Amino acid sequence: MNKAPLLLKNKAALRKFIKSAKKDGKTIALVPTMGALHAGHASLIKKARQLADAVVVSVFVNPTQFGPNEDFAKYPRTLKEDLLVCQEMGADAVFAPQPKEMYFDDRSAWVNEEALSRFLCGARRIGHFKGVCTVVSKLFNLVQPDFACFGKKDAQQLLILERMVRDLDFPIKIVECPLIREKSGLALSSRNKYLSPEEKKEALVLSRSLKAAKDAVAKGKSAAETKKLIAKIIATSPLAKIDYISVCDRETLEEVKTFKKGQKILVALAVYFGTTRLIDNVWLTTPKK
Ligand code: AMP
């Protein structure tokens, strides 16, 4: 069994840990999370462990990325269990601050990405990515990592953070990590905890529709046909309520009307089951010929 990670609850303790790691010449990998850790998060920590000498996992349910009618209050908080996952995966430190440690009441400086954030979840959750970019920037400033691992599960978030790092010259390598699914196909998510057994079963239409989309694109179907196919499969679940379906270019996140040959695209969706909003996606390249 690995050593238990150091639990750091405030910025001063984190800074002390980082200062000492840097003094020892260690490279650092950061895995930002909101906790309620599952095998998806674990895979990011494993990757971080392979990349760097010191691994820091942050566990922080970030209030600024939740809208007023979203699930901030009820978001699962399971720090004790999270620490065990971090230990199992070999993390060295877990930074788990309270909101008041991270934000001043009169905070007035933000980090905002203005292009990719206009689409997909950004269009449906106004201010969400401003909260994400701000908290990730703060974590980057505090941890000063060499690497930061993010999952393709949150495709738009990953692409926005890559843009942020590029545009603001953060000296950090963003590491893209694969989306981890249950055997059933359901993408792992902390929010799956909200689903009733029936909703969870029905939620399999998401991965099924994306698998069908992948096959359709490979066979040369158009963007419109692909989108229609996804909607049709999701409609087979009476519990599913589509928030959006997007077939977009992976550079710009703009909807694709006509595929170019060998175009890197993202097929992404957000669907409600009851009050639970799930997202899922697949990263594809259109046929080269
Ligand atoms: P969250 O705690 O949901 O904010 O996610 C923290 C990090 O874990 C993000 O980089 C997510 O993309 C990543 N993540 C969440 N679910 C998965 C998954 N099923 N597979 C891979 N990465 C994931």
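The values are calculated or read from the model by the stated rules, or taken from the named source; none is laboratory data. Predicted model only: the values in this text are computed from it and were never measured. Cβ coordinates were reconstructed from backbone atoms using ideal geometry, including for glycine residues, and neighbour counts include every protein chain displayed. Side chains are part of the model used for accessible areas, which takes the heavy atoms of the whole protein and leaves out ligands, DNA and RNA. Shrake-Rupley method; radii C 1.70, N 1.55, O 1.52, S 1.80 Å.
Scanning the stretch 239-254 for residues that are within 18 Å of SER209 (Cβ to Cβ) and open to solvent by less than 90 Å² (accessible area, probe 1.4 Å) yields LEU239, ALA240, ILE242, ASP243, TYR244, ILE245, SER246, VAL247, CYS248. The set of residues from the stretch 192-211 being under 19 Å from GLU255 (Cα atoms) and surrounded by fewer than 19 Cβ atoms within 10 Å (Cβ to Cβ) is empty.
Taken together, the residues in the stretch 104-127 that are in contact with a helix residue (DSSP H, G or I) (Cβ under 7 Å, 6 or more places away or on another chain) and under 26 Å from LEU14 (Cα atoms) amount to 3. Does MET89 meet the test of being more than 11 Å from the ligand (Cβ to nearest atom), aliphatic (A, V, I, L, M), open to solvent by 20 Å² or more (accessible area, probe 1.4 Å) and in contact with a helix residue (DSSP H, G or I) (Cβ under 7 Å, 6 or more places away or on another chain)? Criteria met by MET89. Take LEU139 and decide whether it is within 12 Å of the ligand (Cβ to nearest atom) and not small (Gly, Ala, Ser). Taking the combined requirement at face value, the residue satisfies it. So the check is Cβ under 6 Å with 6+ separation or different chains; which pairs have a first residue in the stretch 23-47 that's over 17 Å from LYS152 (Cβ atoms) and a second one that's near the ligand (Cβ under 8 Å from one of its atoms) and of a type in the set (Ser, Thr, Tyr)? So the pair list comes out as ALA36/SER190.
Taking the options ALA42, ALA4, ALA36, name whichever one is over 20 Å from SER137 (Cα atoms), more than 13 Å from the ligand (Cβ to nearest atom), touching a helix residue (DSSP H, G or I) at 6+ places or on another chain (Cβ under 9 Å) and among the small types (Gly, Ala, Ser).
On inspection, the qualifying residue turns out to be ALA4.
Among the conditions (1) of a type in the set (A, V, I, L, M); (2) open to solvent by less than 40 Å² (accessible area, probe 1.4 Å); (3) closer than 30 Å to ILE28 by Cβ, the only one that ILE180 does not satisfy is (2).
For the stretch 153-198, a residue qualifies if it is touching a strand residue (DSSP E or B) at 6+ places or on another chain (Cβ under 8 Å), basic (Lys, Arg) and within 22 Å of PRO76 (Cβ to Cβ), and the qualifying residues are LYS153, ARG181, ARG191. All but one of (1) open to solvent by less than 40 Å² (accessible area, probe 1.4 Å); (2) touching a residue at least 40 places away in the same chain (Cβ under 8 Å) hold for GLY274; which doesn't? So the condition that GLY274 fails would be (1).
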